[in-house]
Amino acid sequence: MTDGTPRSLAGENPFPLALWAEAVYSRRAIPATLATGSPAPGTGSAEPGLLPHGPRLPLAPPPLHLAPTPGSPATLADPAVLSALLHYSYGLLQHDLTPGGWPLHRAVASARCRYPSELTLVSPTAAFRFDPLHHQLIMQTASVTSRQAADPGVSRFAVITSRFARTARLYGDYAPRLCAQEAGMLLGAVHLVAAALGLRTRPGQDQETLHGLCANLLPAGAEHPMGYLEILRPVKHPGDRSWPPPDLASVLRARHSGAALFDPEPVLSPKALLTDLGAALAAAPFTDFSCHLLVQRVTGFSPGHYVHSDGHLRQVSDGDPQTSLEQIGQTEGRVSMNFRSTACTAYIAVRRGAAVARYGADAFRRLHLTAGAAAHLLCVAAARQGLAARVHNGYDAAAAERLLGLAPGEETVLFQVAIGTARPGAAFRVPVVF
Ligand SMILES: Cc1cc2nc3c(=O)[nH]c(=O)nc-3n(C[C@H](O)[C@H](O)[C@H](O)COP(=O)(O)O)c2cc1C
């Protein structure tokens, strides 16, 4: 933009094709002001928009456990199910009391805790925006006549939108990349928690359906439609599953991304990390991705390069992956974190060439939904073993392609997630109870 306004705020195509080069293959789009935490040029200093106005509906206290309702099919008409779905997908779960830190942490990770994603339940008569900080719903649209009948329990879609301005305030034109990643992670979270509650969902990327769901819902230009999940008729017997795990609620309450500088203890992680990781990825909402793992310290697995695709984990090569980790994990020529002591680092790769040929600029949104949903599952699988998982965008996408043996010009890495045993740190996080 010539006037300094970040492109992400200028109402143009939210995902121009140039974004691949500017925000995935390089970090050119990140403004120099990020290092100081000052507002990016063109974004001003005011905090961008608050939640919509409308009647507020308090939600029931979230249950401490996530499980299908015994004896009857799960439904959003049950206040406990509605509350649990929202809280464990995107609710406020931890309060970090460390002075000068980022105090509020939600169920899903977010770059510098900006939380640009928004979650809205859409029913035939109304839309209900989730307000995680107050654990409430805000009724956004309802005609006067249908207002009495408007009931979040009859919602048929969970819709994910994104306020780029929240993230662009620090990240400028890099915001669409982060917002697309985070929308995918939120989609993965809703899909996971719904499954744990016995709700059936069908995740969707279709642009026409998405725009139809968002019509009359979004303030013009301020919020972008990203993805949705259709909430289907429940099944009576969800069947046996190894994933989601029965202790999911406590796992989500404990999930975290580690200390400011990711520097885990160099200790062996349990074998179950990779078993859970495999089960989680096999249940991912979208399947068109592969997950490469550079394993260093996992009991029962020799160090090396593994790939999880089509539901199976196979070893590609053995040997200490430290050199590859440090060649991939670079931020402007310097290693982004202490990769030497991780248990393993995961890279989520997608078929960019085919997707761009088919969907053009919209491939960016679609592929980030796919990869983001898988990335959240990695974070949850790590948390189940008491480990920290750090999504970190300080990686060289071209080096990752080369060193992981991806198909040149076709496959691209969209997420780097380092997993390890967090050292005791200065942070003091307390659980948030509604
Ligand atoms: C899409 C995305 C990108 C991120 N990129 C970085 C990064 O480049 N460097 C970094 O140190 N942390 C990065 N993070 C980690 C976040 O800052 C971290 O998730 C946040 O502090 C919230 O902490 P919590 O997950 O423990 O609640 C990223 C997180 C997300 C979701």
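None of the figures in this text is laboratory data; all of them are computed from the coordinates on show. All values reported here derive from a predicted model rather than from experimental measurement. In this analysis, Cβ positions are derived from the backbone assuming ideal geometry, glycine residues included, and neighbour counts consider all displayed protein chains.
Residue-normalised convex hull volume from the C-alpha trace of the range 1-127: 207 Å³ per residue. Result for the chain in a Gaussian network model with C-alpha springs under 10 Å: among VAL154, VAL413, VAL350, the largest mean-square fluctuation is at VAL154. Here the dipole of the chain is about 520 debye; that uses its Cα centre as origin and unit charges on the Cβ of Lys and Arg (positive) and Asp and Glu (negative).
Placing dummy labels 7 Å off each Cα toward the beta-carbon, the span from ARG112 to ALA80 is 4.2 nm.
Judged by the gyration tensor of its Cα atoms, with axes a ≥ b ≥ c, the range 318-398 is oblate; a/c meets the 1.5 cut and b/c is at least as large as a/b.
Here the sum of -39500 (n - 2.57) over DSSP H runs of 4 or more residues, divided by the residues of the chain, equals -8000 deg cm²/dmol at 222 nm, to the nearest 500.
Between the residues ALA381, THR323, LEU414, the greatest Cα displacement towards the positive end of the dipole of the range 255-420, with unit charges on the Cβ of Lys, Arg, Asp and Glu, is found for ALA381. A full extension of the chain between THR33 and ALA18 corresponds to an added length of 3.2 nm, given 0.36 nm per residue minus the alpha carbon distance. The order of the peptides 105-115, 370-380, 69-79 by mean Cβ neighbours within 10 Å, most packed first, is 370-380, 105-115, 69-79. Could you tell me how far the Cα centroid of the range 190-259 sits from the Cα centroid of the range 333-360, in Å? When both Cα centres are located, 23 Å separates them. Taking 7 Å steps out from each Cα toward its Cβ at ALA67 and SER302 produces label points 4.3 nm apart.
With +1 on the Cβ of every Lys and Arg and -1 on the Cβ of every Asp and Glu, and nothing else charged, how large is the dipole of the range 49-231 about its Cα centre, in debye rounded to the nearest 20?
Values: 13 positive and 11 negative charges, 48 e Å.
The dipole magnitude comes to about 240 debye.
Quick check: residue separation of ALA10 and GLN330 times 0.36 nm, minus the Cα distance between them. What number comes out in nm? Walk me through the intermediate numbers first.
Working: separation 320, 0.36 × 320 = 115.20 nm, distance 3.04 nm.
Between ALA10 and GLN330, full extension yields an extra 112.2 nm.
Relative to the compact-globule estimate of 2.2 N^0.38 Å, the Cα radius of gyration of the chain comes out at 0.94. Set the Förster radius R0 to 35 Å, insert the Cβ-Cβ distance between GLN207 and ALA426 as r into 1/(1 + (r/R0)^6), and round the FRET efficiency to 0.05. Between GLN207 and ALA426 the formula returns 0.20.
Just to be sure I understand: if I project the alpha-carbon convex hull of the range 255-420 onto a plane and average over all orientations, what area do I get in nm²? Could you put the intermediate results ahead of the total?
Values: hull surface 35.5 nm².
Taking a quarter of the hull surface, the average projection is 8.9 nm².
Considering only PRO73, THR161, ALA195, the residue lying farthest towards the positive end of the dipole of the chain is PRO73, judged by Cα position with unit charges set on Cβ.
In whole percent, what relative contact order does the range 186-253 give with Cα contacts below 8 Å and a gap of six or more residues?
Working: 57 pairs, mean separation 28.6, N = 68.
Once normalised by length, the contact order is 42 percent.
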